[in-house]
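Report on the structure given below.
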Amino acid sequence: MLDERKQRILRAIVDDYISTAEPIGSRTIAKKYSLGISPATIRNEMADLETLGYIKHLHTSSGRIPSSKGYRFYVDDLLTLEQMSENEISLINNWYATKVRSVEEIFRETSRIISQLTKNVSLVLAPQLTQTAFQYLRFLPLNEHQVIAVIMTDAGFIDNKIIDIPSGISFEDFDNIASIFNHYLKGKRLSDISMASIRKIRGETVNSTVFNAIINIIDEALAKDKQERLYLGGARELMEQPEFHNIDKVKKLLSMFEEKQLLYDILHAQKDESLAVTIGQENKYNDIKDCSIISATYHLDGKPIATLAVLGPTRMDYGKIISLLKFMNANLADIFHRFHL
């Protein structure tokens with residue numbers, strides 16, 4: 001365990017490097033941070049921190065930067081989470097309110113928001129729809145001319161669709177149609193829903209417009225990739241980071257992004273934890289040993305529903321990103337809750 005003085009110096013080194021991407025020396029630390037310690041004492045403490053493996057020096061500079069071990073101590077013992085600004089919260093809420101109309105849009109918009117606010121790569125892992133079980137169909141009144149059809153699965157809703165109310169159909173008729181679907185399909189996996197069961201339902205429903213709209217929702221789910229869905233964004237933002245001005249490093253990362261199975265493996269290794277931080281050399285894949293991954297998994301009724309992650313340089317702003325992922329997780333919970341109503 002580091003003593004209090006070494007911790008203060010390590011915090012200053014990490015905070016400064018996150019902010020500037022430049023190695024820092026003892027004189028700069030003494031000038032920029034009110035530690036009440038002379039440059040000579042800071043220099044001696046930095047030598048100890050380097051010997052212990054918490055910081056390292058680059059051959060191109062006399063200053064020091066954090067090592068993976070130093071970042072790990074910082075995250076576990078020194079980190080202060082950064083509060084989301086009112087402007088950021090307002091932007092996120094407005095994005096969701098104006099752009100989200102379906103499950104696909106929820107996850108796609110979540111990925112876009114995360115990459116835009118962090119300037120790093122965002123990864124959103126959504127569940128495999130065809131392996132979820134039908135729970136129920138519900139109609140929600142939108143206005144006097146339209147209803148929203150929402151199909152729920154045991155992993156949350158799969159989609160929703162606005163349906164124009166046909167002439168002669170009352171809201172009570174919609175409730176009856178929902179009851180028929182729920183009777184025949186409840187508990188069935190989407191991949192197991194057969195045309196025979198659908199024909200049986202068709203024989204009991206009286207309005208083809210409503211019936212076809214519901215079937216379209218299920219068809220769209222079944223037509224999607226049978227693998228879990230991965231939404232990736234922010235590759236361009238990542239390339240603007242100083243760590244990735246090296247073309248060889250960029251090529252390796254882009255190649256990894258194209259190899260989707262590797263990204264699935266990375267996220268699967270973290271999705272059982274509500275929050276996971278993997279730093280630098282802790283990564284099992286060589287191409288990202290200069291990167292960190294922060295992930296947060298949204299659970300519904302104890303089941304992992306979506307994993308949100310940020311991949312970027314080890315110099316990422318851990319406090320800001322962890323706060324953002326927690327906030328986004330809460331936003332997902334609110335959105336899914338609204339569709340449960």
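With everything on Cα atoms, drop me the angle between helix 318-340 and the longest principal axis of the chain, reported from 0 to 90° to the nearest 10.
10
For the chain, what relative contact order do you get, as a whole percent, if you take Cα pairs closer than 8 Å and at least 6 residues apart? Don't jump to the answer; show the numbers that get you there.
On the way: 501 pairs, mean separation 63.3, N = 341.
Over the chain, the number comes to 19 percent.
What's the magnitude of the charge dipole for the stretch 4-78 around its Cα centre, counting Lys and Arg as +1 and Asp and Glu as -1 at the beta-carbon? Answer in Debye, nearest 20. Each step should come with its number before you reach the end.
On the way: 12 positive and 9 negative charges, 34 e Å.
The dipole magnitude comes to about 160 debye.
Rank Ser191, Leu324, Asn212 by how far each Cα sits towards the positive end of the charge dipole of the chain (+1 on Lys, Arg Cβ; -1 on Asp, Glu Cβ) and give me just the farthest.
Toward the positive end, the furthest listed residue is Leu324.
Choose one of Gln83, Gly70, Ala97: the residue whose Cα lies farthest towards the positive end of the charge dipole of the stretch 1-118 (beta-carbon charges +1 Lys, Arg; -1 Asp, Glu; about the Cα centre).
Working it through, the farthest residue towards the positive pole turns out to be Gly70.
Roughly what angle does helix 171-185 make with the longest principal axis of the chain, taking Cα atoms, 0 to 90 degrees, to the nearest 10?
70
How high is the relative contact order of the stretch 4-78, in percent, counting Cα pairs under 8 Å that sit 6 or more residues apart?
On the way: 92 pairs, mean separation 27.0, N = 75.
Relative contact order for the stretch 4-78 comes out at 36 percent.
Assigning unit charges at the beta carbon (Lys, Arg +1; Asp, Glu -1) and nothing else, what dipole magnitude in debye, to the nearest 20, does the chain show about its Cα centre?
Details: 41 positive and 44 negative charges, 135 e Å.
Charge dipole, the chain, about its Cα centre: 640 debye, nearest 20.
Any idea what diffusion coefficient the stretch 1-99 gets from Stokes-Einstein, in µm²/s, Kirkwood Rh on alpha carbon pairs, 10 °C, 1.306 mPa s? List each step's numbers first, then the result.
Details: Rh = 14.9 Å.
D = 107 µm²/s.
With axes computed from alpha carbons, what is the tilt in degrees of helix 4-20 against the longest principal axis of the chain, rounded to the nearest 10 within 0 to 90?
Taking the Cα atoms of the chain, the angle to 4-20 is about 60 degrees.
Could you sort 8-19, 324-335 so that the peptide with the highest average Cβ count within 10 Å comes first and the rest follow in order? Let's see the in-between values first.
Details: 8-19: 20.8, 324-335: 18.3.
Peptide ranking by packing, descending: 8-19, 324-335.
Give me the dipole magnitude in Debye, nearest 20, for the stretch 279-324 about the Cα centre, with unit charges on the beta carbon: positive for Lys and Arg, negative for Asp and Glu.
On the way: 5 positive and 5 negative charges, 4 e Å.
Magnitude of the dipole: close to 20 debye.
Pick the calculated P(r) over Cα pairs in 20 Å bins from 0, in percent for this structure from [x] 27, 45, 21, 7, 0; [y] 25, 39, 25, 9, 1; [z] 31, 54, 14, 1?
Comparing each candidate, only [x] matches the computed number.
Bear in mind these aren't lab numbers, they're just calculated from the coordinates by the rules spelled out. Since this is a predicted model, take the numbers as computed values, not measurements. Every residue, glycine as well, gets a Cβ built from its backbone with ideal geometry; the counts of neighbours run over all protein chains shown.
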